[in-house]
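Working notes for the structure below.
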Amino acid sequence: MTAGVFALEGVCASRGGRSVLRDLDLEIGEGATALVGPSGAGKSTLLRLLNRLADPDRGTVRFAGRDVCDLDPLELRRRACLVPQLPALLPGTVADNVRYGPELCGNEADVPHSLELAGLGRSYAEREAGRLSVGEQQRVMLARALALEPEVLLLDEPTSALDSRTEAGVEATLMRLVHEHGVSVVVVTHDSGQARRLARRTIDLRPEAAG
Amino acid sequence: MTPVDITLTEVAASLALVAIAAAVSLWRRAELEGDLAVAVLRSFLQLTAVGYVIQAIFDSDSLWLVALLLAGMVAVGTFTARGRARRVPGALRPIAFALSAAAGVTLALVLALDVFPAEPRYLVPVGGMVIGNAMTAAAVALNRLGDEVSAQARPLEATLALGATSHQAARPLVTGSLRSGLIPLIDQTKTTGVVAFPGTLVGALVAGAEPIDAVRLQLILLWLLLGSVALAGLIATSLGYRGFFTGAHQLREMRPAEE
């Protein structure tokens, strides 16, 4: 991670016609940051604002000091890549999925390297993505994001569909990415224990915790 | 071909078959009698009115009046198709463009290749047929697109999150929807003359045309339809998908009955 720092100023955002973030000011630094809060607190909405999958109703989101609205949204999404809560893989093999993102911008993916970073062996490359377990699919989602070599990973409850053993494995993978590969991570979680284990800083999005 | 001379009594006699349908409905308690009556009345009034309008246009021999009539058909077709594609934001413009292009290109080609002479007698029915079929194809394709985008919102957004453009992310759904719009006509063309006799062939034979002439006329119309409907479906879906996305390649929030 070189300059993957987000800053939000006076951000208001709604989802499904309901206001979920109100006048939010915060900074997200390098390393691992956890976003916690109850359902409906706006954690996932905030994550989507960071790489412009959505825009705030009001306020400014900055990435590396620049207003995200001044950046090419496609470039921003490759630099700050979001992994959604539930697996949503493309039809085809694991390798097809991992190659997809880099191919969009004319690059070639290092499939074995991305799979290993995500904690999957390179033997997974030719397996049908749709036939894997949810835990394995979640790791493929991580691998295809890592294939873009992002500066920041935005993870929306990456272990919510996993059993505790698989969850520990994903957490270990994320720790390795942060500490050995310099990738910054913003992780949404319901689990305060996971927030403590993973993150250097925890941001609580409960309305009463604001400020 | 001998001119057809049909009296109102002969037309009324064909209602006997509708009476059988109504009797079946009453017997099976299908409660379709009211709909049958409305359908008979509306078809009589609409077709009679259109008959007089077309007669007046034929008598005037004015291509401007043909253009005006076809523009009216495009407008009605556009609003009808939009009603079936309510989940597609801003569908009105793509549909209007699709129907206009289908009718315009087809008629221009028909005249340029000298398939039919530039007379209202040919342009009105061919234009009407193209617009009607283009409307159905555009409505089916966009209706399917709306359902697909709604059902596939999560994978779509996951693809956008990897840096895909809205075009790249939506391409599989657009292709699938286009196929849905075109397959009925393609299947109909494949089975024509085997499973069903198309309307033009039946009409021409009943009106006294030689079978080979009737077949040639039917082939011209079938092939014109295939091309024009493919064009309409392609334009409607290629422009229609854009309504689901913002300029920053964001998927708009879907509402159950979005206009």
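The values are calculated or read from the model by the stated rules, or taken from the named source; none is laboratory data. On a predicted model such as this, the values are computed, not experimentally measured, just so you know. Positions of Cβ are backbone-derived with ideal geometry, glycine not excepted, and every protein chain shown enters the neighbour counts.
For segment B:155-174, the count of residues that are away from every other protein chain (no Cβ under 14 Å), polar (S, T, N, Q) and within 28 Å of A:P84 (Cβ to Cβ) is zero.
Of the helices (runs of 4 or more DSSP H) lying entirely inside segment A:123-201, the ones with 3 or more residues being buried (at least 24 other Cβ atoms within 10 Å of the Cβ) are found at A:134-146. Which of the residues belonging to segment B:229-250 are among the β-branched types (V, I, T) and surrounded by fewer than 20 Cβ atoms within 10 Å (Cβ to Cβ)? Matches in segment B:229-250: B:T246 only. The residue list B:G51, B:G90, B:G34 contains one member that is assigned to a loop (DSSP other than H, G, I, E, B) and not aromatic (F, W, Y), which is B:G90.
Of all residues assigned to segment B:164-176, none qualifies as being among the polar types (S, T, N, Q), touching a helix residue (DSSP H, G or I) at 6+ places or on another chain (Cβ under 6 Å) and either surrounded by 13 or more Cβ atoms within 10 Å (Cβ to Cβ) or closer than 19 Å to B:R93 by Cα (or both).
Could you please let me know if A:L89 is in a loop (DSSP other than H, G, I, E, B), closer than 22 Å to B:H249 by Cβ and at pLDDT 90 or above? It is true that A:L89 is in a loop (DSSP other than H, G, I, E, B), closer than 22 Å to B:H249 by Cβ and at pLDDT 90 or above.
Taken over segment B:1-49, the criterion of being at positive phi and acidic (D, E) is satisfied by B:E31 alone. Criterion applied to B:R242, B:R216 was being closer than 25 Å to B:F97 by Cβ and either touching a His at 6+ places or on another chain (Cβ under 9 Å) or not hydrophobic (A, V, I, L, M, F, W, C) (or both), and the one residue passing it is B:R242. Can you pull out every residue in segment A:55-104 that is surrounded by 17 or more Cβ atoms within 10 Å (Cβ to Cβ), more than 8 Å from chain B (Cβ to nearest Cβ) and basic (K, R)? Listed by number, the residues that qualify are A:R62, A:R79, A:R99. Taken across segment A:30-48, residues that are within 14 Å of chain B (Cβ to nearest Cβ) and either assigned to a loop (DSSP other than H, G, I, E, B) or closer than 20 Å to A:A143 by Cα (or both) do occur, with at least one present.
Does B:V194 satisfy the condition of being assigned to a helix (DSSP H, G or I), among the hydrophobic types (A, V, I, L, M, F, W, C) and in the same structural domain as B:T237 (by TED's automatic domain parsing)? Spell out the reasoning first.
Values: assigned to a helix (DSSP H, G or I): no; among the hydrophobic types (A, V, I, L, M, F, W, C): yes; in the same structural domain as B:T237 (by TED's automatic domain parsing): yes.
Answer is no for this residue.
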